[in-house]
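Take a look at the structure below.
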Amino acid sequence: SGGSQIAEDGSSGMKTITIANHKGGCAKTTTALNLAVALAYKGARVLAVDLDLQGNLSAALGADLEELETTRHTVHRLMIDHTADYSQYMIRTHRPRLDLLPASLDSEVGPALDSLVVSRELRLKEKLSPAMSHYDYCVIDTPPALNVPTLNGLVMADMVIIPIETSLFALLGLKDLLRTIAQVRQAHAPDQFVMALSTIHSSRQNLDKTVRQKVVEKFTEEFVFETAIPRLISVGEATAGKQAIVEAEPSNAATFAFYKLIAEIKELLGDEEEAKAGNRRRAQ
């Protein structure tokens, strides 16, 4: 699909999953954190990329944001550094098989990225080209804005996941995001998957059911994950404690949901083992 390449050893290259919604409060970072950690727990080599200058994903994965504000070894600086290799900006997390390109507050990088004249939306893809053969998955968290960093995340995505929380206003403003994604797909990634994900969801509440139905109507059932991420206080508590729910509480309902989501993602992205398992599930 879309941004995938074939690694030098002939194996399928890194698959990129970008979490995007320019609306805040829809569990973008929580989704990115748990996907990255769970994929690594499952044995994949994962590169997490934090494109949000607030650095919440970076902090959750153990980065020192104050130190980053001094060193400026962040993914945004990587994108405007014409000579650097991505590995110079990368942090190895304490979790096996999970590395991070971090972010932190930096008032100068926005204008610097905006001022790039040629192919500014391709900077991240170009910088991460050497990483294709080193990782199985890249998971990208984007800021709540349709800016240059978000465009960079969208351009290199094999799959864009749009988390949609349960609220009366959940679907407001999606038109701009979907228009931007359509333009990116047309120009750079015609095979890109675009999937909606219900987050902060309670299957017992009528509002949640109504919003879920509206999401399905807007995207059609084929482009909405069957999995919904449940509304549980423990998910937020784990993130606040710099842990993914999948590691903090292995038996939690949200942990099961994230592993189910990973199975759906792998099946869509062409993981043969998951595709066979999906066929077995449907046959049953």
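The values are calculated or read from the model by the stated rules, or taken from the named source; none is laboratory data. Please read these numbers as outputs of a predicted model, since none were measured by experiment. For neighbour counting, all protein chains shown are included, and Cβ atoms are generated from backbone atoms with ideal geometry for every residue, glycine included. These accessible areas exclude ligands, DNA and RNA; they are computed on the full protein's heavy atoms, side chains included. Shrake-Rupley method; radii C 1.70, N 1.55, O 1.52, S 1.80 Å.
Using just its DSSP H runs of length 4 or more, each adding -39500 (n - 2.57), the chain gives a mean residue ellipticity at 222 nm of -12000 deg cm²/dmol after division by all residues. Each residue was assigned an accessible area with a 1.4 Å probe, and for LEU146 the value is about 70 Å². The chymotrypsin sites (Phe, Trp or Tyr not before Pro) of the range 86-188 meeting both criteria, a DSSP state outside H, G, I, E and B (loop) and at most 16 other C-beta atoms within 10 angstrom of the site's C-beta, are PHE169.
Backbone geometry of the range 123-137 corresponds, through the Karplus equation with coefficients 6.51, -1.76 and 1.60 at θ = phi - 60°, to 3J(HN,Hα) couplings of 4, 5, 4, 5, 5, 9, 4, x, 7, 4, 8, 9, 10, 8, 9 Hz, x marking Gly and Pro. Which distance in Å, rounded to a whole number, links the C-alpha centroids of the range 225-273 and the range 124-190? Between the Cα centres of the range 225-273 and the range 124-190 lies a distance of 20 Å. In straight-distance terms, cross-link reach from LYS127 covers every one of the aspartates and glutamates whose alpha-carbon lies under 14 Å from its own, apart from those fewer than eight places away in the same chain; here that gives ASP81, ASP85. Protein heavy-atom accessible surface, 1.4 Å probe, per residue over the range 108-216: 44 Å². Here the Karplus curve 6.51 cos²θ - 1.76 cosθ + 1.60, taken at θ = phi - 60°, turns the phi angles of the range 181-194 into couplings of 4, 4, 5, 5, 4, 5, 7, 10, 8, x, 9, 5, 7, 10 Hz, with x standing for Gly and Pro. Compute the Cα gyration tensor for the range 26-78, then decide on rounded, prolate or oblate, letting a ≥ b ≥ c be the square roots of its eigenvalues: rounded whenever a/c is under 1.5, prolate when a/b is larger than b/c in the other cases, and oblate in all that remain. Judged from the Cα gyration tensor, the range 26-78 comes out prolate (a/c at least 1.5, a/b above b/c). Backbone amide hydrogens, once placed in the peptide plane, bring SER198 within less than 5 Å of ILE164, PHE225, ILE229, excluding anything fewer than 5 places away on its chain.
Residue order by solvent-accessible surface for HIS188, HIS82, HIS76 is HIS82, HIS188, HIS76, largest first, with ligands and nucleic acids left out and a 1.4 Å probe.
Of the heavy-atom accessible surface of the chain (probe 1.4 angstrom), what whole percent is carbon and sulfur? About 50 percent, which is the carbon plus sulfur part of the accessible surface.
Classify the range 37-142 as rounded, prolate or oblate, taking a ≥ b ≥ c as the square roots of the eigenvalues of its Cα gyration tensor: rounded when a/c is under 1.5, otherwise prolate if a/b is larger than b/c and oblate if not.
Here the range 37-142 falls in the oblate category.
Legend: distances between Cα atoms for LYS15/LYS260; LYS28/LYS125; LYS23/LYS218; LYS214/LYS242; pairs beyond 25 Å are LYS214/LYS242.
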